[in-house]
Structure formats: structure tokens, C-alpha cells
Amino acid sequence: MSDPTTILEWVDAAMQGDQDAYASIVYAYQDSVYNLCYRILGERGEAEDAAQEAFLRAYLNLSRYDRERSFKTWVLSIASNYCIDRLRRRRLQWMSLDDEPVADRLALHSNDPEPEPATLDRERSQAIQKMLGELSPDYRAVVVLRYWYEYSYAEIADMLETTESAVKSRLFRARQALADKLGSDAAAARLGDPVMEGL
């Protein structure tokens, strides 16, 4: 990852109309933004669209970027809020999230593991994504930001424009819902995912 000074230089250049500088920013953060969008939305095509929209919104609002804040945190907050809004619109327009199809697999980069580990990883990923897909948009966002990106309560509150106590409450309720879905500690162990075992 590029150092903060380089990012600020790219931001300054992009604000002056340098498209290559903004392309460098996108390249630096595209995987993080895409994976966040995928975890929240649960569908590859939608995640790609959401990531593009997040970068577009970030570009259009570069003048509002607070230089005291991490650029990564700022762009992820744009992406997470956009994804939450998109989920809410989807729920209102089409169907409940309970009927939402689960994506085939996570779009995480790998070094082509052997078939058996790849199959187990895919099954774990599908199980986790299915459980995430059954959470409300607000709960899903706090789980992803806390357990996959390891942001503090304060950072999540800032990103989602809410309070720390609201974040803690959502996370507590999300963990309860996930624990209910897992059914037992034995089920959690079968999943074998350290993120889910810690819930």
C-alpha cells in the first residue's frame, strides 16, 4: 500500500484534473473497496457496480476529504453507506433479504490452492456469506467493518454516521443473530473460520 504522503499527492493531483493520479488511488484501494461491497451486497456484479460508484462519489467529493483521516477509511465509509442504501432500496423494491440468492464464492484473491482446500474454502465462504445475507443492512455493515476490516467502534460510528453505542448495540444484536443461525459451538467449529468462531 502506498504511504499517506503519496496518497495526499495523488489527491492533490486528481483535484487538479490529473486522471492518472486518481487511477493510482483507485488501483491502491480497489480490492479493499470491492471486497467490502461484496461482503455487504453478496453478489459479484452488484459489488463491482457499487465499488465503481463509491470511487466516482469519492472523486466528485475530493474537496471534502479530511486530510487528517485515512483515505482508505474515507472511501470505505462512502462504499459502506452506498451499499447499505442499495440494500434498503432492494428490500423495498423487490424482496426480503431472506430470499436473496447467495453468491457462488467470495471474490478473494488466492494462489490457486489444491482442489480439496479450495472446495472447503468455498463452502466456508458460502456459509458465511449466506449468514451475512440474512442480516439487516445495518447489522451486516458493522459485522463486516469490525471483523473483516478490524475498525474500532469509534471508526465505524464515524463511517456510518452514528454513535459508538449504536454500533455496539448493532454488533451485539448481529452476533446474537449469527449465533442463532450457527445453532451451536460445534457448528461454529465445523465452519472453521476464525472470524466466525470469534462471534
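The values are calculated or read from the model by the stated rules, or taken from the named source; none is laboratory data. Keep in mind that this is a model prediction, so the values were computed, not measured. Cβ atoms come from the backbone with ideal geometry, glycine included; neighbour counts cover every protein chain shown.
Kindly check whether there is at least one residue in region 169-183 that is at pLDDT 85 or above, part of a helix (DSSP H, G or I), polar (S, T, N, Q) and over 17 Å from the mean Cα position of the chain (by Cα).
Within region 169-183, one or more residues are at pLDDT 85 or above, part of a helix (DSSP H, G or I), polar (S, T, N, Q) and over 17 Å from the mean Cα position of the chain (by Cα).
So how many residues does region 131-166 have that are over 15 Å from the mean Cα position of the chain (by Cα), outside any loop (DSSP other than H, G, I, E, B) and under 22 Å from Leu182 (Cα atoms)?
0
Looking at Gly17 and the list (1) surrounded by 13 or more Cβ atoms within 10 Å (Cβ to Cβ); (2) over 23 Å from Arg146 (Cβ atoms), which single condition is not satisfied?
Of the numbered conditions (1) surrounded by 13 or more Cβ atoms within 10 Å (Cβ to Cβ); (2) over 23 Å from Arg146 (Cβ atoms), the odd one out for Gly17 is (1).
Look at region 37-67 and say how many of its residues are part of a helix (DSSP H, G or I), within 18 Å of Leu160 (Cβ to Cβ) and among the charged types (D, E, K, R).
Adding up the residues that qualify gives 4.
Can you run down the residue pairs with Cβ atoms below 7 Å, 6 or more apart or on separate chains, where the first is in region 126-152 and within 15 Å of Ala47 (Cβ to Cβ) and the partner is surrounded by 18 or more Cβ atoms within 10 Å (Cβ to Cβ) and among the basic types (Lys, Arg)?
Sorted first by the residue in region 126-152, then by its partner, the pairs are Leu132/Arg39; Leu132/Arg140; Val144/Arg39; Trp148/Arg39.
Just give me the residues in region 129-181 being under 26 Å from Ala58 (Cβ atoms), surrounded by fewer than 17 Cβ atoms within 10 Å (Cβ to Cβ) and among the acidic types (Asp, Glu), in sequence order.
Glu150, Glu161, Glu164
Restrict the check to region 99-107 and report whether at least one residue is touching a Pro at 6+ places or on another chain (Cβ under 6 Å), under 21 Å from Ala127 (Cα atoms) and modelled with pLDDT under 95.
No, every residue in region 99-107 fails to be touching a Pro at 6+ places or on another chain (Cβ under 6 Å), under 21 Å from Ala127 (Cα atoms) and modelled with pLDDT under 95.
Restricting the first residue to region 25-47 and requiring it to be charged (D, E, K, R), which pairs with a second residue that is part of a helix (DSSP H, G or I) meet a Cβ separation below 8 Å and a spacing of at least six or different chains?
Here the result reads Arg39/Gln129; Arg39/Leu132; Arg39/Arg140; Arg39/Val144; Arg39/Trp148; Arg44/Tyr38; Glu46/Cys37; Glu46/Arg86, each pair linking region 25-47 to a residue that is part of a helix (DSSP H, G or I).
Kindly provide the set of residues from region 54-88 that are without any contact (Cβ under 8 Å) to a residue 60 or more places away in the chain, under 18 Å from Ser136 (Cα atoms) and among the hydroxyl-bearing types (Ser, Thr, Tyr), ordered by number.
Within region 54-88, just Tyr82 meets the criteria.
Would region 13-26 turn up any residue that is under 29 Å from Arg89 (Cβ atoms) and under 17 Å from the mean Cα position of the chain (by Cα)?
yes
Return the residue satisfying two criteria in turn: it lies in region 117-130 and is at pLDDT 70 or above and among the polar types (S, T, N, Q), and of such residues it is nearest to Leu178 (Cα to Cα).
Gln129
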